[in-house]
Structure formats: C-alpha cells, structure tokens
Ligand SMILES: NC(=O)c1ccc[n+]([C@@H]2O[C@H](COP(=O)([O-])OP(=O)(O)OC[C@H]3O[C@@H](n4cnc5c(N)ncnc54)[C@H](OP(=O)(O)O)[C@@H]3O)[C@@H](O)[C@H]2O)c1
C-alpha cells in the first residue's frame, strides 16, 4: 500500500524515546520531513542521527518542555522556520501520573498541563496553518478509558478525547482529521521501568489483563499512526482507537 506521505511536514512531540520515537522513525521511512520535540537534547540528537543514517529526509530537533511558557508558540515558530509549513502534528509527549485520591493541587496541575493543556494549546496554534493548507492530520497519543485507580493522566486524556472530538467536527470541512490512539501496554521506558519494573508482577498483569498475552512493541502503535496520517485515511476523524492486545474490556 502506498501511503502517499512523501514530503509531508511533521512535528512529533515526545520524540526522544518510546512511542514518539517509533512514530518519528516510521514517518521518516515514509519520507516525511520532521521536527522532533522533547526536553532532553541528547536522546533527540540520537534519534535525528539514526534517521539521517537510514533515510533521506530533513530532520531537526527542538529541546523544550512542552508545559513551559509559550512553548506552543516556540514549537510552531521553530517548525515553520525549519519546514516551511506543517501538515502533521503528533502529540505524544505525556506520562502516567498515578496518585492518591487526595493528591495536592500542584500534582494535578502538572499532570493536567502535560497531558491536556500543553497539547491543546499547541494544536490550537497549528490548526490555522492546516486550515490555510486545506489539509492536516493531528494524532494524540492518549491512554486508558477504564481507570483502575486515581491517575491524573486518565482525567487529562479523557479531556483530550472530549475536546478533540468537538474540534474534529469543526475542522473536517478543511480536510483536517483529528484522532486519538489509546495504548494499552507498549514496551517503552514508562511501561517497563516505571509502571511494571517487577518481572513477576508484569507476568501476572499480562495474564489477568491482556488477552493477546504480551506487551506490544511501540511499532504496533506507530503503524496505525502512519496510516491515520495518510491521505488514504481521509474519512476517519474524531475517533478513539485502542492498540492494546484486547486489554479494554468493554465494547464502547
Ligand atoms: N507506552 C504505553 O503503553 C502507554 C500507555 C498509556 C499511555 N501512553 C501515553 O503515550 C505517550 C508516550 O508514552 P511513552 O510510553 O512513549 O512514554 P516515555 O517512554 O516515558 O516517553 C515520553 C516522551 O515524552 C517526552 N516528555 C515528557 N514530558 C515532557 C515535557 N514536559 N516536555 C516535552 N517532552 C516531554 C519525553 O522526553 P523527555 O524526557 O526528553 O522530555 C519522552 O520523549 C504518553 O502521552 C503516555 O501517556 C503510553
């Protein structure tokens, strides 16, 4: 299948590792030009080097905290300067924030900012460019809709689902699609080192929760992202898709 992504201009946040990195690699393989965003310069530069070694596309990095002041404007300006325009925005920067029911306000603010406000603000800055181009793709990497505990990220990601559904209806006439992907357990640092560091617990979790019987690879999700970015996916918008080996229990 030809995905017709050659020469598309993309921003990928959270590109220094994990899902964002895997998505960046696959977009590069489709000959997209990229701006890679995350806080740490060194791993970003490593991804850039790897892409340049394997693929013939333009790639630059921006080291920035997406929750910092005016990060949305700085990312947009940098990307426009590097790429000339923006066709595709992948919002993958984020992270789980499990907590107690009475966590301090500062914890909630940080988690909501990272997992909702920052990506909402950035998307809002990029949409006018896509509207002008009469084409665009926004993919948000979100998370569970079946929380088992109090986790700031669950509330924030649910806000992303609700907000982006509304937005997708408004921008559809401009040939812009906005979709959300909820990962189950894909093998990234967040999952292997922070959520399930203990091998015995990991095996038990898989047995009890994942019908497929294993944690997925980042590429299991990145493959879907690349398809949704393609012009071939023009009629899929406002959706929430799960990449979780069947972990989600309910039909809706
Ligand atoms: N892996 C899974 O199975 C899973 C499950 C549920 C949800 N998710 C969601 O999927 C997304 C990617 O997760 P992952 O598993 O790839 O996590 P990860 O391995 O921890 O990677 C997170 C990425 O986000 C960047 N990041 C974090 N905070 C940032 C900030 N304030 N500013 C800029 N960049 C920031 C990190 O780079 P720096 O540290 O360099 O900034 C890194 O590139 C997240 O939104 C996460 O909530 C993943």
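Descriptive notes on the structure:
- C-alpha long axis of helix 199-209 to longest principal axis of the chain, angle in °: 80 degrees
- The ellipsoid that matches the Cα gyration tensor of segment 9-239 has semi-axes, each √(5λ) in whole angstrom, of 27, 20, 18, with the longest given first.
- Cβ crowding within 10 Å averaged over residues, with 189-195, 218-224 ranked highest first: 218-224, 189-195
- Rounded FRET efficiency, nearest 0.05, which uses the C-beta distance separating residue 73 from residue 131 and R0 of 25 Å: 0.90
- Computed E for residue 155/residue 6 - FRET, C-beta separation, R0 30 angstrom, nearest 0.05: 0.20
- The distance between label points at residue 203 and residue 174 comes to 5.3 nm (points 7 Å beyond Cα on the Cα→Cβ vector).
- Per-peptide average of other Cβ atoms within 10 Å, ordering 102-114, 155-167 highest first: 155-167, 102-114
- Inter-label distance, residue 217 to residue 189: 2.1 nm, where each label sits 7 Å from its Cα along the C-beta direction.
- Using C-alpha pairs below 8 Å separated by at least 6 residues, the relative contact order for the chain is 20 percent.
- Theoretical ellipticity at 222 nm over the chain - DSSP helices of four or more residues, -39500 (n - 2.57) apiece, nearest 500: -13500 deg cm²/dmol
- Each part gets one Cα centre, and for segment 136-156 versus segment 1-78 those centres are 22 Å apart.
Every number in this text was worked out from the coordinates using simple rules, so none of it is lab data. It should be emphasised that the depicted structure is a prediction, and the values quoted were computed from it without experimental measurement. Positions of Cβ are generated from backbone atoms using ideal geometry, with glycine treated the same way; all protein chains shown enter the neighbour counts.
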